[in-house]
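Data block below; observations after.
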Amino acid sequence: MRYNGWYAGCSQDVGTLLREWRKRRRMSQLELASRADSSARHISFIETGRASPSRSILLRLADHMDIPIRERNVLLVAAGFAPFFPENSFTETEDLSIVREELKRLLVAYEPNPVFIHDAQYRVIEANRAFHALVSDVAEHLLLPSPNVMRLTMHPEGLAPRIHKYPLWRAHLLGRLRHQLAMRGSAPLRELYEEVSCYPAPPAWRGEDTGPDRDDAFRFPFALPLLLEHEGQVLSFVSAVMSLSAPTEVTVSELEVEVFLPTNPETAQALQVMGERITRTERGRGIRSPI
C-alpha cells in the first residue's frame with residue numbers, strides 16, 4: 001500500500017535521495033548492490049526513476065549505507081510508503097518512560113561529574129545538578145528551555161570566555177559538527193554550524209595562535225581536555241559520549257549522553273566539594289536528593 005501523507009523533510013523523489021546518500025557515503029552503485037544483495041542495474045533504475053523500489057529493498061539499502069533512522073523514514077515516504085520507524089516525545093510519551101527514567105538514574109549515578117543528554121541538534125533534554133552548576137552564570141537567553149549545548153559553549157556570553165585554550169576546543173566542536181553533518185545531512189544541524197562558526201572569539205583569546213603546528217595540541221596524554229575556569233579554579237575534563245545501540249525509534253536513535261570526567265585530582269576534588277555544597281543547599285531548602 002502506498003502512502004500519500006505528509007512527512008517532515010520529504011521534498012525530493014526517492015531516486016534523488018538515494019543517490020545523494022550513496023554519494024555522501026562514497027559508494028559506487030556496484031559496491032552498494034554487492035552489500036545489499038541487489039544489482040547495480042536495479043539501483044541505477046531506482047535512482048533514475050525507471051524502477052519503483054519495494055520497501056524491503058529501501059530498508060536494506062539504507063541499512064548498508066548507515067542512514068539515520070529519521071532519514072530512512074524520509075526515504076520511505078519519498079517512495080510512497082508510510083514511515084517505518086515510530087517517533088515519540090522523550091518527555092511525554094509513555095512508551096519511552098522506562099528509557100527516560102533509567103537515563104535520569106544514570107545522570108544521578110555519575111554525580112558529582114557533569115552529565116547531560118542531548119538530541120541530534122545538540123539541544124539539552126536532561127542534565128544533572130553538576131552540569132547546571134557549571135553553566136549557571138551564562139547569559140539567561142542561553143538557558144531557555146532546551147538550551148543548545150553548542151551555543152552554551154561557543155557563544156561569547158556563554159562558557160567561551162571561561163575556556164582556556166579556547167581555539168583548540170572550538171576547533172574540536174566544529175569538527176564534531178562537520179562529522180555529524182556528513183553522517184546525517186541535517187538542515188537544522190547545518191544552520192547550527194553556520195551560526196556557531198560565526199561567533200566572535202572571546203576578547204581574552206583573540207590573540208591565540210590556532211595553527212596546526214602548535215605544540216599545545218600534542219601535550220595531552222590521551223585526549224584533548226576542556227579546561228574550564230569555575231569559581232577561580234581551572235577544571236580539566238575529558239568527555240565521553242554514549243548512545244543506545246540498535247535503536248528502532250527515531251527519538252531514541254538521536255539521543256546521546258555526554259559525561260565529563262576529571263583528568264586530575266584537583267578537578268575531582270573540586271567536583272566533590274561542589275556536589276556536597278549543592279546537596280547542603282537543597283537540604284536547607286527542603287529539597288529531597290534525587291539519589
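The values are calculated or read from the model by the stated rules, or taken from the named source; none is laboratory data. Please read these numbers as outputs of a predicted model, since none were measured by experiment. Heads up, the Cβs are rebuilt from the backbone with ideal geometry, glycines too, and the neighbour counts pull from every protein chain shown. Accessible surface is based on the protein model in full, side chains and every heavy atom, while ligands, DNA and RNA are left aside. Shrake-Rupley method; radii C 1.70, N 1.55, O 1.52, S 1.80 Å.
Quick notes on this structure:
- Selected residue [assigned to a loop (DSSP other than H, G, I, E, B) and of a type in the set (Ser, Thr, Tyr)] from 44, 52, 34, 56: 52
- The stretch 220-250, subset in contact with a strand residue (DSSP E or B) (Cβ under 8 Å, 6 or more places away or on another chain) and small (Gly, Ala, Ser), residue least open to solvent (accessible area, probe 1.4 Å): 236
- Matching residues in the stretch 78-98 - criterion: being in a helix (DSSP H, G or I) and surrounded by fewer than 18 Cβ atoms within 10 Å (Cβ to Cβ): 94, 95, 97, 98
- Looking across the stretch 45-54, just one residue is polar (S, T, N, Q) and under 33 Å from the mean Cα position of the chain (by Cα), and that is 54.
- In a residue-by-residue description of the stretch 55-77, the property of being polar (S, T, N, Q), open to solvent by 30 Å² or more (accessible area, probe 1.4 Å) and over 20 Å from the mean Cα position of the chain (by Cα) applies to at least one position.
- Any hit, the stretch 170-191, residues being within 20 Å of the chain's Cα centre (by Cα), touching a residue at least 60 places away in the same chain (Cβ under 8 Å), surrounded by 15 or more Cβ atoms within 10 Å (Cβ to Cβ) and closer than 15 Å to residue 227 by Cα: no
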